[in-house]
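Comments concern the structure below.
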There are 2 protein chains.
Amino acid sequence: MSEDFLLEMGYSGLTGRLKRLSDAFMYQTRDLYREYDEDIEPNWHMIFLLLQKNETMTVTALAEALQLSHPAIVKLINKMKKKGYIDSVVDAEDKRKYDLMLSQKAKQKLPKFQKYWEAGEKALQELLNHNKQLLEQLEQLEAKMAETDFRTRMDKLLVNE
Amino acid sequence: MSEDFLLEMGYSGLTGRLKRLSDAFMYQTRDLYREYDEDIEPNWHMIFLLLQKNETMTVTALAEALQLSHPAIVKLINKMKKKGYIDSVVDAEDKRKYDLMLSQKAKQKLPKFQKYWEAGEKALQELLNHNKQLLEQLEQLEAKMAETDFRTRMDKLLVNE
DNA sequence: TAAATTTACGTAACCAGTTACGTAAATGTG
DNA sequence: CACATTTACGTAACTGGTTACGTAAATTTA
């Protein structure tokens, strides 16, 4: 038996391999943060960047930008608040909304965090042989999924069989 | 603001995009199974295939073949047992081990399941434009990660800075 | 302007993984 | 052969997502 069954399985193994890879990146990044005693999580990265770029954003705006569900953002934000990285105020014009922004602590720590993020980016570039082929392939796949998603394609294939 | 921040972020967005993609495949496949009233989960696919190929396997053997932790396999297997797809007997020679195998129900349902899996494979081929470039790119990435993982590469880059 | 609808956010319950720890069986060793 | 070590599996607690449902504020509409 081979050492990696998913690799053997060609197309059918793809989804599992994507999962394994994304998990590996996440766990390894988290390990590194812990080793360096930083109380941040890997998936906060993009939240930090978005709030750095946009000053204030709402839960919904973050969810759209990252294409996650709003409860996912709520969970993230609550943890970041608990650690003191996020401040929020009720929106003046729409009391349903919270305007989220980086705290002083976050702004102060950002330069340090940036070093980790840069290291991550460089490590990724190494892993991808400094070319964007994988990125481009993924972009094509994402575009195709946006046209007609996996579910719908399976459905059609099952019906037309 | 762009509609997809991760896409904008190049290398840094990659890990999030892998996560999104693998989640999308999983959720959409699960939806399809539910629509067709099949009480199976997406991640059982490879377990079914492995047990079809190998007759009996232990928890550890499955974990190695799929490169998952053993508790992950235990959880999977318990659910599959609960649904009656897996039988297990204590190994005759080593009482710590369970020999896992497909139940009669599983064997009988396999041809039906195979149709879903084939549809999934075809849908994936469509999404990949019937070429294996993405698979190959991923394989290279996996090989590089096996050489020196992401964590170690980040570490080096941080130290040498 | 009153009522219906939509939007923003929160909560609960679920699924998929992980690491850390514990126990019992098998194996290695003095 | 007794004891120490390793291996196989199980359980608990955690992270990261999801969908489904509820509530309050804003907006639309009759």
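The values are calculated or read from the model by the stated rules, or taken from the named source; none is laboratory data. Nothing here was measured: the structure is a model prediction, and the numbers come from that model. Glycine gets a Cβ as well: all are built from the backbone with ideal geometry, and neighbour counts include every protein chain shown. What goes into the accessible areas is simple: the full protein's heavy atoms, side chains included, and nothing from ligands, DNA or RNA. Shrake-Rupley method; radii C 1.70, N 1.55, O 1.52, S 1.80 Å.
Go over the candidates B:E64, B:E38, B:E121 one by one and state the one that is assigned to a loop (DSSP other than H, G, I, E, B) and either closer than 23 Å to B:E142 by Cα or out of contact with any helix residue (DSSP H, G or I) (no Cβ under 6 Å at 6 or more places or on another chain) (or both). Checking each option against the conditions leaves just B:E38.
Per-residue answers, yes or no, for (1) more than 23 Å from A:T148 (Cα to Cα); (2) of a type outside the set (K, R); (3) touching a residue at least 24 places away in the same chain (Cβ under 8 Å):
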residue	(1), (2), (3)
B:L127	no, yes, no
B:Q133	no, yes, no
B:Q137	yes, yes, no
B:K144	yes, no, no
B:R151	yes, no, no
B:L158	yes, yes, no
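Residue count for segment B:130-161 under the criterion of being part of a helix (DSSP H, G or I), open to solvent by 70 Å² or more (accessible area, probe 1.4 Å) and over 27 Å from A:E142 (Cα atoms): the result is 3.
Of the set (1) within 16 Å of DNA strand D (Cβ to nearest atom); (2) within 15 Å of the chain's Cα centre (by Cα), all apply to B:D91 but (2).
Considering only residues in segment A:36-77 that are more than 14 Å from the chain's Cα centre (by Cα) and within 11 Å of another protein chain (Cβ to nearest Cβ), the one that is least open to solvent (accessible area, probe 1.4 Å) turns out to be A:M57. Go through the residues of segment B:78-92 one by one and say whether even a single one is open to solvent by 50 Å² or more (accessible area, probe 1.4 Å), closer than 23 Å to A:S22 by Cα and free of Cβ contacts under 8 Å to residues at least 24 places away in the same chain. Checked segment B:78-92: no residue is open to solvent by 50 Å² or more (accessible area, probe 1.4 Å), closer than 23 Å to A:S22 by Cα and free of Cβ contacts under 8 Å to residues at least 24 places away in the same chain. Considering every residue within segment B:116-129, establish whether at least one is at the interface with chain A (Cβ under 7 Å from one of its Cβ atoms) and open to solvent by 90 Å² or more (accessible area, probe 1.4 Å). Yes.
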